[in-house]
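A quick write-up on the structure given underneath.
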Amino acid sequence: MAHTEAARLLAVWEEGLSGAAADRALTLHRAARPDTGPGELPRVPVGEREADLYAFRRALFGDRMQVLTECAACAEVMEFDLDAGELAARPARPREPLRVTADGWEIDFRLPAVADIEAAARHGLPAPDDGAAAAGDALLAACVVTARRDGEEIPAERLPALLPGTVRAKLAEAAEQADPAAEITLDIACPECGVTTPAELDIASYLWTELDAWARDVLLDVHLLASAYGWSEPEILALSPTRRRYYLELCADV
Ligand SMILES: [Zn+2]
């Protein structure tokens, strides 16, 4: 990590510390995309946000991500690696609404954005983390631009009651194909019992945990060096990590 970034990242951490998990994700996204207007970020499709966060993670802490998950059958703790670089490619955003035609229905919809998921959560609707079924349900209904049944326009609020399961499934499938990065699930085989567990990674909370640990380490360094040498926080943050470590070793030797 470039040491000039340290002060900015500490400010991001401080802002995230006082917020809820959803606010933290937005705080991290804002830090990852400082050139995008803050009002625009909640309208970014979920997969694009995830890719931005993977790219940010890569820039801060490198490609290799170690993830722990628990076997669904025997509760064995399993460890696997993810490559942030592979997941950092931003998916192409469709210019036009997506269209699904099935069983007499013709539905134009846009990809769910971060704000749609938050709105769905506020209305007590399931978040997409609960699986593809939920994503195909209320959330997608919120993203419908126009819906027609046998040529007659159906208002979006009537869709949850009217839309057949087969069409919902097609909507979920089309959304997943258009935004595959929105939900990355890996099947991890348990080395103990052989059962495969689907593992999802919440990059926002993963990155937050890392940033939190990093920030606490840096503050401890600042505390130790300020106590030993009387330097100010900006002076200590301006040191390269190598020099900072070297001075810390010298302090420990005394
Ligand atoms: Zn197992």
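Just so you know, in the stretch 159-197 the residues that are within 15 Å of the ligand (Cβ to nearest atom) and without any contact (Cβ under 8 Å) to a residue 40 or more places away in the chain include one that is nearest to residue 149 (Cα to Cα), and it is 187. Looking at the stretch 198-231 only, could you name the residues that are touching a Lys or Arg at 6+ places or on another chain (Cβ under 9 Å) and among the charged types (D, E, K, R)? Those that are touching a Lys or Arg at 6+ places or on another chain (Cβ under 9 Å) and among the charged types (D, E, K, R): 210, 221. Candidates 181, 156: the one that is at pLDDT below 90 and either within 30 Å of residue 19 (Cα to Cα) or polar (S, T, N, Q) (or both) is 181.
Restricting the search to the stretch 170-184, which residues are more than 21 Å from residue 101 (Cβ to Cβ) and open to solvent by less than 70 Å² (accessible area, probe 1.4 Å)?
First, pick out the residues of the stretch 170-184 that are more than 21 Å from residue 101 (Cβ to Cβ): 180-184.
Across the stretch 170-184, the qualifying residues are 181, 182, 183, 184.
Out of everything in the stretch 185-208 that is within 24 Å of residue 50 (Cα to Cα) and β-branched (Val, Ile, Thr), what residue ends up being surrounded by the fewest Cβ atoms within 10 Å (Cβ to Cβ)? Outline the logic, then answer.
Restricting attention to the stretch 185-208, the residues satisfying the condition of being within 24 Å of residue 50 (Cα to Cα) are 185-188, 197-208.
Of the ones still in play, those that are also β-branched (Val, Ile, Thr) are 185, 188, 197, 203.
Working: 185: 11, 188: 19, 197: 17, 203: 24.
The extreme case among them is 185.
Take the conditions (1) on the phi > 0 side of the Ramachandran plot; (2) more than 16 Å from the ligand (Cβ to nearest atom); (3) open to solvent by 30 Å² or more (accessible area, probe 1.4 Å); residue 75 misses just one of them, which is (2). In the set (1) in a helix (DSSP H, G or I); (2) within 16 Å of the ligand (Cβ to nearest atom); (3) polar (S, T, N, Q), residue 27 fails one condition alone, (2).
For residue 154, indicate whether it is away from the ligand (no atom under 16 Å from the Cβ), surrounded by 14 or more Cβ atoms within 10 Å (Cβ to Cβ) and farther than 19 Å from residue 113 by Cβ. Give the derivation first.
Details: away from the ligand (no atom under 16 Å from the Cβ): yes; surrounded by 14 or more Cβ atoms within 10 Å (Cβ to Cβ): yes; farther than 19 Å from residue 113 by Cβ: yes.
So residue 154 fits the description; yes.
Selection over the stretch 25-68 of residues that are of a type in the set (S, T, N, Q), more than 19 Å from residue 5 (Cα to Cα) and open to solvent by less than 30 Å² (accessible area, probe 1.4 Å) gives a count of 0.
The values are calculated or read from the model by the stated rules, or taken from the named source; none is laboratory data. Since the structure is predicted, the reported quantities are computational estimates derived from the model, not experimental observations. Heads up, the Cβs are rebuilt from the backbone with ideal geometry, glycines too, and the neighbour counts pull from every protein chain shown. SASA here: full protein model, heavy atoms, side chains in, ligands and nucleic acids out. Shrake-Rupley method; radii C 1.70, N 1.55, O 1.52, S 1.80 Å.
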